[in-house]
Amino acid sequence: MDDWLPGGVDGMDGRMASARLALSWLGRFGPGTTKDLQWWAGWTLGTTRRALEDCAAQPVDLDDAPGWVAPGDVAASSEPQAAEHQPTDPDATDRQATGSWVALLPGLDPTVMGWKDRDFYLPPDAAPASDRNGNAGPTIWVDGRVVGAWGQARNGEIRLHWFTDVSAEATAQAAVRAEEIRDWLGEVRFSVRFPGAVNKELLA
């Protein structure tokens, strides 16, 4: 541990550590629900609620459930003029400039695993990207949603599987990403620790 963290672990109080972890999760994945954080951290409901309280998480209304964000991520006032104080997305301009974006993410990537309730980025047709316990295999993303899965065949080929129709541009971008992964891996072969339900069909 000293090689990774000089001085080792300092013996932080468990309650303080939980609050700090909850705050870090909110900073990366918020807004999210109590259930999301409980699932991600593997805590009891009581520990989860206490950690959210201890880190001063702020409540917000999500589409179908109450949620939380990190302190300062929303204006405290509900007055209309408070909207100008809402945080802005620093990447929005870049996305508008570059148009559609495509990514091939590995299994258990944090982007996929940050929430228990995933309807906002995982359409029902894409459910086979995960196993029955919610562990995500390698996924294909287009514009912030899971639309496919991918895997490496024994000959090194990167195979793509689509759960839904996408544009020709997105299909072409995904093919480019697949070739980049194949070139990067070279002769390396890997197996996925928690393959999605589609994995067997994909690599048959």
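The values are calculated or read from the model by the stated rules, or taken from the named source; none is laboratory data. Remember, predicted model here, so these are calculated numbers, not experimental data. Glycine also receives a Cβ, built like all others from the backbone with ideal geometry; neighbour counts cover every protein chain displayed.
Determine which member of the set A70, A149 is in the same structural domain as R20 (by TED's automatic domain parsing), at pLDDT 95 or above, within 30 Å of W43 (Cβ to Cβ) and surrounded by 15 or more Cβ atoms within 10 Å (Cβ to Cβ). Outline the logic, then answer.
Working: A149 fails: in the same structural domain as R20 (by TED's automatic domain parsing).
Criteria check complete, one pass: A70.
Is it fair to say A97 is over 30 Å from F194 (Cα atoms) and modelled with pLDDT under 65? The answer is yes for A97.
Could you look through the stretch 165-204, keep only residues that are exposed (fewer than 13 other Cβ atoms within 10 Å of the Cβ) and touching a strand residue (DSSP E or B) at 6+ places or on another chain (Cβ under 7 Å), and pick out the one that is nearest to L122 (Cα to Cα)? Among them, the one singled out is F190. Checking the stated criteria, G156 turns out not to satisfy the condition of being touching a residue at least 24 places away in the same chain (Cβ under 8 Å) and in a strand (DSSP E or B). Mind listing whichever residues of the stretch 35-67 are among the acidic types (D, E) and at pLDDT below 95? Scanning the stretch 35-67 gives D61, D63, D64. Out of all the residues in the stretch 139-157, is one or more touching a strand residue (DSSP E or B) at 6+ places or on another chain (Cβ under 9 Å) and farther than 20 Å from V112 by Cα? Within the stretch 139-157, one or more residues are touching a strand residue (DSSP E or B) at 6+ places or on another chain (Cβ under 9 Å) and farther than 20 Å from V112 by Cα.
Okay, residues lined up against (1) within 14 Å of W115 (Cβ to Cβ); (2) touching a strand residue (DSSP E or B) at 6+ places or on another chain (Cβ under 7 Å); (3) of a type in the set (S, T, N, Q); (4) not assigned by TED's automatic domain parsing to the domain that holds M113:
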| site | (1), (2), (3), (4) |
| --- | --- |
| R20 | no, no, no, yes |
| L23 | no, no, no, yes |
| G30 | yes, yes, no, yes |
| L37 | yes, no, no, yes |
| W40 | yes, no, no, yes |
| L52 | no, yes, no, yes |
| P59 | no, yes, no, yes |
| L62 | yes, no, no, yes |
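Restricting the first member to the stretch 178-198 and to residues that are without any contact (Cβ under 8 Å) to a residue 60 or more places away in the chain and in the same structural domain as M113 (by TED's automatic domain parsing), and the second to residues that are part of a loop (DSSP other than H, G, I, E, B) and of a type in the set (K, R), the beta-carbon pairs closer than 9 Å and six or more apart or on different chains are R189/R154.
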